[in-house]
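Nothing in this text is a laboratory measurement; each read-out follows from the coordinates by a stated rule. Keep in mind that what you see is a predicted model, and the values were worked out from it rather than measured. Methodologically, a virtual Cβ is constructed for each residue, glycine included, from the backbone with ideal geometry; neighbour enumeration extends over all protein chains shown.
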2 protein chains.
Amino acid sequence: MSEEGRKSVSSHNLADFLGVNAWQIRKDFSYFGAFGTPGVGYNIEKLAKQVKKILKLDVIKKAALVGVGNLGSAVLAYPGFGIYDFSIAAAFDSDPKKIGRKKGYLTIEDSSKLRTLKRRRISLAIIAVPRESAQNTADTLVKAGVRGILNFSPCHITVPKKVKVITIDIAMDLARLPYYMPAN
Amino acid sequence: MSEEGRKSVSSHNLADFLGVNAWQIRKDFSYFGAFGTPGVGYNIEKLAKQVKKILKLDVIKKAALVGVGNLGSAVLAYPGFGIYDFSIAAAFDSDPKKIGRKKGYLTIEDSSKLRTLKRRRISLAIIAVPRESAQNTADTLVKAGVRGILNFSPCHITVPKKVKVITIDIAMDLARLPYYMPAN
DNA sequence: CTATGTGAATTTATTCACAGCA
DNA sequence: TGCTGTGAATAAATTCACATAG
């Protein structure tokens, strides 16, 4: 909306877009303070800034990718990170044939260099390695100071409480569909 | 647990595993009926069957993949579908260089053949095409009788009410991490 | 003695309705 | 007049506590 030159948006606009009710939008915002203008709506720039702050997206974050196979390559090519002010700042693999190769704007590094992440102030990582190596990779990442992990392996990963893991299990997401599909 | 030869599991076991409370497990199950044995717990085979039924996972489902790029290839190689009794039964691409090529156990078909899905009784699809073609692909899938779509493009897809779409936005999932990470 | 299943109590979330500001 | 922000009312989910079954 901001890119389209719009200046303000009402709770009703937002509600329609998201498929919820207007009062729900207002009530939710109100828990974090009052940042709208009665009779007008919410200033779009200001609202975006507030929401980013609430979601802790107000500092630009760098993420490392571990595993540059098919899935990892797809992550590197993913066009959607910019909108959240994220960037993939490093890519690692353990395959000697890949190490040193360029992939987009990044050079693939040896997985044994993961410990440099702390020095480079990279605190997020994406795990796109085979299931067998997922837990090992996670352990190494935690030692390297990583505090948030996005895990694409279909397995449970154990980490210290200070670290947050979000696992994306493609099969499980596919399996959610039938529940919402009408019979026949 | 079943594969490990265990026969029964208590609400407390399950709760520990999932990180919730035992009464929550029992209450949730109770909404769908009573299928435990007091003093013993839940029969594992029976429970799995019940849960699959509740989640509409009791019939084996076939899914089609559209877009065999990096992400699509990763989906084909994904080892986790079996546990939900799912299989990828067809793969499509619009790139002439890919059509006809084998990819694992599947031969890549021309996207213009998507309409054969109805005849082949495939009612689920995974969209792994570039963002620009996502809506078009979805429209074609809906015409071909598909009722559930797993969308990997970072964009909103509009479909008739009878069709369920689940969108996985990798960037958004990554962006969820900072909220749960302690400061510094 | 152990573990389920469920009413009742409690807590939390949603919805309403409207006062008040631009 | 249009839209926000919020107390109050309603609805829903969670937690407790215990009767009951193996």
Fill in: Those residues of region B:85-139 which are polar (S, T, N, Q), crowded, with 20+ Cβ neighbours inside 10 Å and touching a Lys or Arg at 6+ places or on another chain (Cβ under 9 Å), in sequence order
B:Ser123
Item to complete: Just name the residue that is surrounded by the most Cβ atoms within 10 Å (Cβ to Cβ) out of those in region B:1-20 that are small (Gly, Ala, Ser) and either in contact with a Ser or Thr (Cβ under 6 Å, 6 or more places away or on another chain) or touching a residue at least 12 places away in the same chain (Cβ under 8 Å) (or both).
Response: B:Ser11
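Select from region B:50-68 the residues that are free of Cβ contacts under 8 Å to residues at least 40 places away in the same chain, facing chain A (nearest Cβ under 10 Å) and buried (at least 17 other Cβ atoms within 10 Å of the Cβ) and list them in ascending order. Walk me through it before giving the result.
If we filter region B:50-68 for residues that are free of Cβ contacts under 8 Å to residues at least 40 places away in the same chain, which is where we start, we get B:50-60.
Retained after the next criterion (residues that are facing chain A (nearest Cβ under 10 Å)): B:52, B:54-59.
If the condition is that a residue be free of Cβ contacts under 8 Å to residues at least 40 places away in the same chain, facing chain A (nearest Cβ under 10 Å) and buried (at least 17 other Cβ atoms within 10 Å of the Cβ), then B:Leu57 is the only one that fits.
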Worksheet item: What number goes with the only condition from (1) touching a Ser or Thr at 6+ places or on another chain (Cβ under 9 Å); (2) more than 19 Å from A:Val146 (Cβ to Cβ); (3) surrounded by 13 or more Cβ atoms within 10 Å (Cβ to Cβ) that A:Phe81 does not pass?
Response: (2)
Discussion item. Quick test of your reading of the structure: B:Leu71 fulfils all but one of (1) buried (at least 17 other Cβ atoms within 10 Å of the Cβ); (2) away from every other protein chain (no Cβ under 14 Å). Name the failing condition by number.
Written reply: (2)
Worksheet, complete the sentence: Pairing a residue in region B:21-47 that is more than 14 Å from every other protein chain (Cβ to nearest Cβ) and of a type in the set (Gly, Ala, Ser) with any residue that is in a helix (DSSP H, G or I) and more than 8 Å from DNA strand C (Cβ to nearest atom), where Cβ atoms lie under 7 Å and the two sit 6 or more apart in sequence or on different chains, gives B:Ala22/B:Ala15
Item to complete: Report the residue count in region A:157-173 for those that are closer than 16 Å to A:Ala125 by Cα and either facing chain B (nearest Cβ under 8 Å) or assigned to a loop (DSSP other than H, G, I, E, B) (or both).
Response: 9
Practice prompt. Sort out for me the helices (runs of 4 or more DSSP H) sitting completely within region A:5-117 that have 1 or more residues that are within 14 Å of DNA strand D (Cβ to nearest atom) and either farther than 25 Å from B:Glu132 by Cα or of a type in the set (D, E, K, R) (or both).
Written response: A:11-18, A:22-30, A:44-54
